[in-house]
Amino acid sequence: MRYHGKLRAVCAMLFAAMLALLSATVVFAAGSDRVHDAAGLFTEQEISEISALIEEGVSKTGMDMVVVTAADKKGRGTQAFADEVYETGNFGVGSAKSGFLYLIDMEDRVPCISTAGGAITLLSDSEIQRLLDDAYDHLASGDYAGSAKAVIRDAIGSYEDAAGRGWTYNPETGVWSEPVKKRTMNPLKLLFSAIVSALAAFGATGKVRREYAMQDHGSKTAAAAASVLGAAGAAFVFANQVDDLVSKHTERRALPRAPIASGGGGGGMGPNGPSTTHTSSGGMTHGGGVGRKF
C-alpha cells in the first residue's frame with residue numbers, strides 16, 4: 001500500500017511538471033510565431049527581443065504585428081509576397097484581421113509593410129513611408145533586428161499618438177472613430193457675440209423707423225394731392241387687376257455628389273491621413289508599401 005501511495009505521488013509530481021513545461025512552451029511559441037526569420041538574419045537573442053516587443057505592441061494596440069525575412073520569394077513581388085504571408089499565416093485580430101507585417105526582402109534588398117483591418121486606417125501612406133525610412137537607417141548598416149524594432153516602436157507610437165488626440169479604436173471590428181469636437185465659449189467670445197448682436201438689433205430697429213417715417217410722409221402728400229384733385233372735380237376709378245398665369249413649367253435636376261477622395265485602388269481617411277489600399281490575390285484588402293533598396 002505504501003509503495004502504491006508513493007508511486008501515485010511520484011506520478012502526480014511528474015504530471016504537474018509536464019504541465020508546467022508544456023505551458024511554458026506554449027507561451028514561448030505564441031511569441032515566436034510572429035517572427036519568421038527564413039533568411040537567417042537574427043540571432044536567438046534578437047528573436048526573443050523582437051518577440052517581446054511584438055507582445056507589448058499587440059497588448060497595447062489590439063492589432064497583430066509580424067516580422068518576416070525572406071531570401072527567396074518564389075517569383076512573387078515583394079508586396080504580393082508580404083500580403084500572402086500575412087493571409088496564409090492566419091494573422092490578424094478581430095473580424096477585420098487587423099494588423100501589419102514587416103518584411104525584410106533579401107532577394108531584392110528592400111523593406112516592405114503590409115497592413116490589414118484597423119492597421120490600414122492607422123498607418124496611412126505618410127506613416128508607412130516614415131516607418132520605412134526609419135527601417136532604412138538600420139538596414140543600411142546591416143542592423144536588421146534594429147530595423148524590425150524601429151518599425152514596431154513607430155507603429156506603437158502612431159497608435160498612442162492617435163489615442164492621445166481623441167481617436168478611439170475597436171479591436172473587434174477594426175474601426176477607428178473620430179474624436180468628438182466640443183464647442184467652448186470663453187468670456188472674450190461671449191462679449192464679442194453680445195456686441196455684434198446689439199449692433200445688429202440697433203441697425204434693424206433704425207431701418208424700421210426710417211421706413212415708417214418715409215411711409216408717413218408719403219401718406220400726407222398723397223392725401224393733400226387727393227384734396228386738390230377732388231376740389232377740381234377729378235375722379236379716379238381703381239379697377240381690380242388680375243394677373244393671368246400664362247404657363248407653368250417645373251424643371252428638376254439631380255445634383256451630383258462630391259466624390260470621396262481616395263488614392264490608388266481606394267482607401268480612407270484615418271488619424272494620420274489617407275491610406276491607399278489594394279486587393280491581394282487572395283481577395284483581401286491591404287495597405288502598405290515598399291521602401292528603398294539598402
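The values are calculated or read from the model by the stated rules, or taken from the named source; none is laboratory data. Note that the structure is a prediction, hence the values are computed from the model and not measured. Positions of Cβ are backbone-derived with ideal geometry, glycine not excepted, and every protein chain shown enters the neighbour counts.
Before moving on, here are some points about what is shown:
- Residues of the range 76-114 that are crowded, with 24+ Cβ neighbours inside 10 Å, among the hydroxyl-bearing types (Ser, Thr, Tyr) and under 15 Å from residue 282 (Cβ atoms): 86, 114.
- Here residue 67 meets each of (1) touching a residue at least 60 places away in the same chain (Cβ under 8 Å); (2) in a loop (DSSP other than H, G, I, E, B); (3) in contact with a Phe, Trp or Tyr (Cβ under 9 Å, 6 or more places away or on another chain) with one exception, condition (2).
- Scanning the range 118-169 for residues that are under 15 Å from the mean Cα position of the chain (by Cα) and among the charged types (D, E, K, R) yields 125, 127, 160, 161, 165.
Quick grid of which residues meet (1) modelled with pLDDT of 95 or more; (2) in contact with a Gly (Cβ under 8 Å, 6 or more places away or on another chain); (3) not assigned by TED's automatic domain parsing to the domain that holds residue 46:
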| position | (1), (2), (3) |
| --- | --- |
| 132 | yes, yes, no |
| 148 | yes, no, no |
| 154 | yes, no, no |
| 165 | yes, no, no |
| 187 | no, no, yes |
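- Matching residues, the range 139-183, being among the basic types (Lys, Arg) and either surrounded by 17 or more Cβ atoms within 10 Å (Cβ to Cβ) or assigned to a helix (DSSP H, G or I) (or both): 149, 153
- Residue among 31, 75 that alone is modelled with pLDDT under 95 and more than 24 Å from residue 175 (Cβ to Cβ): 31
- Considering the range 60-72, and only residues there that are crowded, with 20+ Cβ neighbours inside 10 Å and of a type in the set (A, V, I, L, M), the residue that is nearest to residue 171 (Cα to Cα) turns out to be 63.
- Cβ-Cβ contacts under 7 Å between residues 6 or more apart (or on different chains), taken from a first residue in the range 279-294 that is closer than 17 Å to residue 105 by Cβ to a second residue that is assigned to a strand (DSSP E or B) and hydroxyl-bearing (Ser, Thr, Tyr), are listed as 286/114; 286/115; 286/277; 288/114; 288/115.
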